[in-house]
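This report refers to the structure that appears directly beneath it.
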Amino acid sequence: RARVRRSHAATMETSLRFDSGNKHLKLFAKEKFCNDDNYVLTVSGSLDTRDGRVESRAYVRKKFFPSSVLSRVDMGLSYATTQDDVKYGVAGKKTFELDHDGLLTLDVKGGCMVGSKGFSRPDVAGSVELTKKIFNFVEDQDLKLRLGYDLCERGFYGQIRENNWTFNTNFRDKWDVKYDL
């Protein structure tokens, strides 16, 4: 019988989020529960501070680590209150370390999600990302820089992340900011 454990030292992830699309500040929370067989249940939700609307999502996935082919494969299902549909999917990732310390990586990611109601087209995703991690960029502050290309959107995106702040952009018309509490 597999033992269930909460991941990340039993802490709930919480953050404040703001994006250029809806221009509302949201309070976000997420909790992951894992077991020894690499099953992960993730429950997340957000509260819109402007109108009090609540959105939530739950997903269960099984993680595989076939190191000879890919770095990771996830299979599972998800439910989001905004879509009112159970979706099934598979996703894969291959990481290539570009330097000896693993701080510069190239990730190739792809996946497909299909809704249970059957009338929607599958959601296909694919991207290539170059990531550079810089520890102690300034004293007690780490930095992660990411430049990616979304194969479906046919466009570049970027991310700058320090200990608590994250800034994402598609370099055209969308951006968002997240502050981890």
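The values are calculated or read from the model by the stated rules, or taken from the named source; none is laboratory data. Predicted model only: the values in this text are computed from it and were never measured. As a convention, Cβ positions derive from the backbone with ideal geometry for all residues, glycine included, and neighbour counts pool all protein chains shown. What goes into the accessible areas is simple: the full protein's heavy atoms, side chains included, and nothing from ligands, DNA or RNA. Shrake-Rupley method; radii C 1.70, N 1.55, O 1.52, S 1.80 Å.
On the protein heavy atoms, probe 1.4 angstrom, tell me the percent of accessible surface of the range 89-157 carried by carbon and sulfur.
Taking all protein chains in place, the range 89-157 shows 59 percent carbon and sulfur surface.
Apply the Karplus parameterisation 6.51 cos²θ - 1.76 cosθ + 1.60, with θ equal to phi minus 60°, to every residue of the range 152-160 and state each ³J(HN,Hα) to the nearest whole Hz, in sequence, with x for glycine and proline.
Rounded to whole hertz, the list is 7, 7, 6, x, 7, 8, x, 8, 10.
Please compute the contact order of the chain in relative form: average sequence separation of alpha-carbon pairs under 8 Å and at least six residues apart, divided by the residue count, as a percent.
Reported relative contact order: 14 percent.
Given the options SER116, SER15, SER56, which has the most mean-square fluctuation in a GNM of the chain, springs set between C-alpha atoms less than 10 angstrom apart?
Of SER116, SER15, SER56, the Gaussian network model singles out SER116 as fluctuating most.
Given a 1.4 angstrom probe, what's the average accessible area per residue across the chain, in square angstrom?
Result: 66 Å² per residue.
Taking only Cα atoms and a 10 Å spring cutoff, compute GNM fluctuations for the chain and point out the largest among GLY126, GLY45, GLY102.
Maximum among the listed residues: GLY102.
How about the range 23-123: which trypsin sites (Lys or Arg not before Pro) there lie in a loop by DSSP and see at most 12 other Cβ atoms within 10 Å?
Sparse-neighbourhood loop trypsin sites (Lys or Arg not before Pro): LYS23, ARG50, LYS117.
Jot down the radius of gyration and Dmax of the chain, Cα atoms only, both in angstrom.
17.6, 53
Out of LEU98, GLY21, GLN83, whose Cα points farthest toward the positive end of the dipole of the chain (charges: +1 Lys, Arg; -1 Asp, Glu; placed on Cβ)?
Farthest towards the positive pole: GLN83.
Once you mark the chymotrypsin sites (Phe, Trp or Tyr not before Pro) that are in a DSSP loop and have at most 11 other Cβ atoms within 10 Å, what is the longest gap between them in the chain?
With chymotrypsin sites (Phe, Trp or Tyr not before Pro) excluded where exposed in loops, the chain gives 1-118 as its longest stretch.
What residue among ASN22, ASN164, ASN35 has the largest mean-square fluctuation in a Gaussian network model of the chain, using Cα springs under 10 Å?
Maximum among the listed residues: ASN22.
Using a basic spin-label model with each label point 7 Å from the Cα along Cα→Cβ, how many nm lie between LEU130 and LEU104?
Distance between label points: 0.9 nm.
Straight-line reach only, C-alpha to C-alpha below 23 angstrom: list the lysines that LYS26 could link to, leaving out same-chain residues fewer than 8 apart.
LYS174, LYS178
Would you mind finding the longest exposed-site-free stretch of the chain, with exposed GluC sites (Glu not before Pro) meaning DSSP loop and at most 15 other Cβ atoms within 10 Å?
For GluC sites (Glu not before Pro) (loop position, at most 15 other Cβ atoms within 10 Å), the longest site-free span of the chain is 1-138.
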